1. Once the convex hull of the C-alpha atoms of segment 204-255 is built, how many Å³ does it hold per residue, rounded to a whole number?
2. Using only Cα positions of the chain, each an equal point scatterer, no hydration layer, compute I(q)/I(0) via Debye at q = 0.08, 0.09, 0.11, 0.13 Å⁻¹ and quote the log10 values to two decimals.
3. From the P(r) of segment 167-255, could you give the percentage of C-alpha pairs in the tail past 15 Å?
4. Any chance you could get the radius of gyration and Dmax over the Cα atoms of segment 1-106, in Å?
5. How long is the gain from Q24 to L249 if the chain were fully straight, where each residue apart is worth 0.36 nm and the alpha carbon distance is subtracted?
6. With springs connecting C-alpha atoms under 10 Å apart, model the chain as a Gaussian network and identify which of A88, A69, A174 has the largest mean-square fluctuation.
7. Considering the Cα trace of segment 161-208, what is its radius of gyration and what is Dmax, both in angstroms?
8. Around G214, with a cut-off of 15 angstrom between Cβ atoms, what is the net charge of the other residues, counting Lys and Arg +1 and Asp and Glu -1?
Amino acid sequence: QRIDGLRTLRQPPLECCLSFICSQNNNIARITGMVAHLAREYGDPIGSVLGDSFHAFPTVSQLQAANEADLRAASFGYRAKYIAAASALIALKSKEEQEALEDHCTVAVRGSAVDSVVASIAARTGATDAREAFWLYALRSDAAAEGVAGDDVMEGAAKAGGERSVVEELQLIAGVGPKVADCIALFSLDQLDVIPVDTHVRQIAERFLPSIKGKSMTPVVYDRIRRLFQDAFSRYPGWAHSILFAAELPLFAHV
């Protein structure tokens, strides 16, 4: 009730993915600057207000022009190589995902299945990059129910999906570890059961798990914190995480 305007976002997957890669060991001002740089240098112009021009976040193909040297010159640091590698991998995986979908569909819909899914995603979300970032959209929890045309396409989409979890899939991207993968999954891929564990979340967890105090953030400790939230909040621990995270910030201390 004290933070009733807080919302868990459902961001476009590509923008969310690259924004969180930029966030590693960084502060909000620099992250904002990096994201703005990507849009300004590689995205399409969308208008201006009071002399300030604004650009859309670039598509996967537009990001192919963002090489590591240019990004390092723009103060991205070690994240530069991850941005360049991520856009290349997303392009590759999206192509593979589309081919796998077509292969697993019946002959009757083969050749049109990808177009069907892309059109449905665009209609439901307004996405203009559903084809280029197909892999990321396919990771959303409701991807198989994106209004695709017919059971044959839905069955094909289900068969095309791998056995790895969404978070495991995201960690195929260089520079994406468990915490960043959890952030991308929660804030753009509808995975409301994941818990991005950072300093604030760990401090909350330590009140209920005193045995982890002073321990390094090993996979075991990370998993214990994740399970603490999942046991407490059932299907919506990611949503609860956002509320508890915000409540710990000095910005909300007065409410």
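1. 97 Å³
2. Results for the chain at q = 0.08, 0.09, 0.11, 0.13 Å⁻¹ read -0.36, -0.46, -0.68, -0.93.
3. 59 percent
4. Over segment 1-106's Cα set, Rg and Dmax evaluate to 16.5, 54 Å.
5. Stretched fully, the Q24-L249 segment lengthens by 79.1 nm.
6. A69
7. Answer for segment 161-208, Rg first and Dmax second: 11.9, 39 Å.
8. +4
The values are calculated or read from the model by the stated rules, or taken from the named source; none is laboratory data. Remember, it's a predicted structure, so these values are computed and weren't measured experimentally. Using ideal geometry, Cβ is built from the backbone for each residue, glycine included, and neighbour counts are taken over all protein chains shown. Ligands, DNA and RNA are stripped out before the accessible areas are found, and what is left, the full protein with its side chains, is counted by its heavy atoms. Shrake-Rupley method; radii C 1.70, N 1.55, O 1.52, S 1.80 Å.
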